[in-house]
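Structure record follows, encoded as structure tokens.
Only the coordinates and a few stated rules stand behind these numbers; no lab work does. Keep in mind the model is a prediction, meaning the values are calculated, not measured. Note that we place each Cβ from the backbone using ideal geometry, even for glycine, and neighbour counts take in every protein chain shown.
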Amino acid sequence: MSAQPTLVFLHGFAESREIWTDFTRDFPSSYRILALDLLGHGAQTHAIADYSMEAQAAYVQAELEAAGVEQAVFIGHSMGGYVALAFAEKYPKQVLGLCLFHSSAQADTEEKKANRDKNASFVERHGVTKFMDSFIRPLLAPANRDQMPEQLAFLEGIGKATPPATIQGGLRAMRDRQDRTQVLREAKFPVLFIIGKEDLAVPLANALEQVALPATSTALFLADVGHLGYMERPTETRRAILDFAAAIFENPTT
């Protein structure tokens, strides 16, 4: 089993492990970085029967076991955070720390569930490419939407390469996921929240409701940032995660 300090990065919906390549490039070599493609995404595009957060968490556990990782700090962006919470609920002793990177432990509201259904129907009628043409841009803060053409094209490319079944399955799995605020309340591990003040997917008010739930938590609030802080503010978000990880691995608890 690996005793090397390990950071597990879980990407969001219609993303892939590639989003973490530049972000983690200059991380200290003392850390083992595991960036996984979640089921149906990236290289994991074989037929998937179950896109639920529980199934994704079981897949993550299998990948960690195969890699010889017993404990790690988890960083989950958006849907990756939902998966990390499901993982923490089932395998709490394996979680040394959790970063919810523009993510939430709350279930979808009825309005958001309806929007998931509308998006799934849109993909069925018009395809993934047309969906992605309008899906990614609003995730950026307004100030960044015309300033990051390369990053936007990068994410749209990943999204357009994602199979329609994954897009539809992922939307419905996020719609149906359960509330996991209790996981935060019961967490024996520290939690880092990275919050974009202009995040339309995880509104600031919803994030504020959650930051005080864990016994130990830290929050980074970012102005002029939407849902993609790893691209909108890479320096600050990278530093927050490294500081979070350093505090955990330098001061381990038993």
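Helical content of the chain, expressed as a calculated mean residue ellipticity at 222 nm, amounts to -13000 deg cm²/dmol (DSSP H runs of 4 or more residues, -39,500 (n - 2.57) each, divided by residue number, nearest 500). If each Cα of region 94-181 is one equal point scatterer, what is log10 of I(q)/I(0) from the Debye formula at q = 0.11, 0.22 Å⁻¹? For the requested q values the scattering log ratios are -0.39, -1.18. Simple spin-label estimate for Leu242 and Asp179 gives 3.9 nm between the two label positions (7 Å along the Cα-to-Cβ direction from each Cα).
Comparing Ile241, Ile48, Ile136 in a Gaussian network model of the chain (Cα springs below 10 Å), the most mobile by mean-square fluctuation is Ile48. Here the contact order of the chain, divided by its residue count and restricted to Cα pairs under 8 Å and six or more residues apart, works out to 21 percent.
Projected onto its three principal axes, the C-alpha set of region 89-239 covers 45, 33, 27 Å, listed from the longest axis down. The calculated FRET efficiency for the pair Ser30 and Arg125, based on their C-beta separation and a Förster distance of 51 Å, comes to about 0.55. The dipole here belongs to the chain: it is taken about the Cα centre, uses +1 on the Cβ of Lys and Arg and -1 on the Cβ of Asp and Glu, and is about 180 debye.
Scan the chain and report its longest stretch carrying no trypsin sites (Lys or Arg not before Pro) that are both in a DSSP loop and have at most 16 other Cβ atoms within 10 Å.
It works out to 26-144.
Which Cα, out of Ser78, Ala141, Phe244, lies furthest along the positive dipole direction of the chain (beta carbon charges, K/R +1, D/E -1)? Farthest towards the positive pole: Ser78. In terms of overall dimensions, region 1-74 has a Cα radius of gyration and Dmax of 12.6, 37 angstrom.
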